[in-house]
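Working notes, structure below.
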Amino acid sequence: MMNPDTLAAAGAAAVALPHDLTPFGMFMAADLVVKAVMVGLIAASLVTWVILVGKVLELSALGRAARRGIAVVAGEAGIAGLVRHTRLPRPLALMLAEVGEEIDQTGTTGSGPVAGGLVERVRSRLARFEAAAGRRAMAGTGLLATIGSTAPFVGLFGTVWGIMNAFVGISESQTTNLAVVAPGIAEALLATATGLVAAIPAVVVYNHLARRTTAYRAEMTDLSEGLIRTLSRDLETGRLDARLLAR
């Protein structure tokens, strides 16, 4: 039979143990450092979802504008027809402005070697325009890569810190009873779980947005190549009127 004093001590220890082992209960019982780690990871997870919603809306609008531009270019036989459009899609309007600026700087719209050089310079301008558009489309996604690569290690730091505190508690209570040890370790492991909850969506969202951006850049390339083909035809047939593209 156990000593009554031992039973009383065990009962007091049981009363002192945290009984709420739900995620919220473990969070509230965790050490201040572990709490700070988990709050930071939850904030990072919220940032991931905000970026996802914002970038999906942005890339959808950009993709629609690029596809409308492709359709407009395909439906016109020359630059003159494009210029006469009253509501050009924004990317097409900006590309036409680039073409007009290069023609202004060249000062000629003749045929032969001069026309060939003009087409190459326009292609170079539009390639730079496409690259800048791609960089703008990817703006903000670098944070997702940072969250995806660092969140597990931040969570691991919280776990290590929590387990250190659990072992300190074991040494102070001078017992290895699992009922005493488990709550502290569970709180520490919750930090690792929070890190994974933040990291996994960030990586998935980053890859999704990277694929969407690649598709958008391909559409911009199709648009610029279509415009270059239209310009080349106009130069070869002598139909291009530089005054239409005057800035």
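Tell me, what is the FRET efficiency for Arg87 and Ala218 to the nearest 0.05, using R0 = 25 angstrom and their Cβ-Cβ distance as r?
Efficiency, rounded to the nearest 0.05: 0.55.
What does the convex hull of the Cα atoms come to per residue for the range 149-235, in Å³?
Per-residue hull volume (Cα only) is 58 Å³.
Would any residue of the range 33-69 have its amide N under 16 Å from a label point 7 Å out along Cα→Cβ of Val203? List them or say none.
Answer for this model: 45.
Suppose a student asked you for the relative contact order of the range 17-168, using Cα pairs under 8 Å spaced at least 6 residues apart; what percent would you report?
Averaging sequence separation for qualifying contacts and normalising by length gives 38 percent for the range 17-168.
Name the residue from Ser60, Val73, Gly40 whose Cα lies farthest towards the positive end of the charge dipole of the range 35-166, charges +1 on Cβ of Lys and Arg and -1 on Cβ of Asp and Glu.
Final value for the positive-end residue is Gly40.
Direction-averaged shadow area of the convex hull around the Cα atoms of the range 46-174, nm²?
So the mean shadow area of the Cα hull is 12.1 nm².
So, in Å, what gap is there between the alpha-carbon centers of the range 80-106 and the range 45-77?
What the calculation gives is 20 Å, centre to centre.
Return the sequence-ordered ³J(HN,Hα) values of the range 36-47 in whole Hz as given by the Karplus equation 6.51 cos²θ - 1.76 cosθ + 1.60 applied to θ = phi - 60°, using x for Gly and Pro.
These are the phi-based 3J(HN,Hα) values: 4, 4, 5, 4, x, 5, 5, 4, 4, 5, 5, 4 Hz.
Computed from the coordinates by the stated procedures, all read-outs in this text should not be read as laboratory data. Computed from a predicted structure; not experimentally measured. Counting neighbours? That spans all protein chains shown, and the Cβs are built from the backbone with ideal geometry, glycine included.
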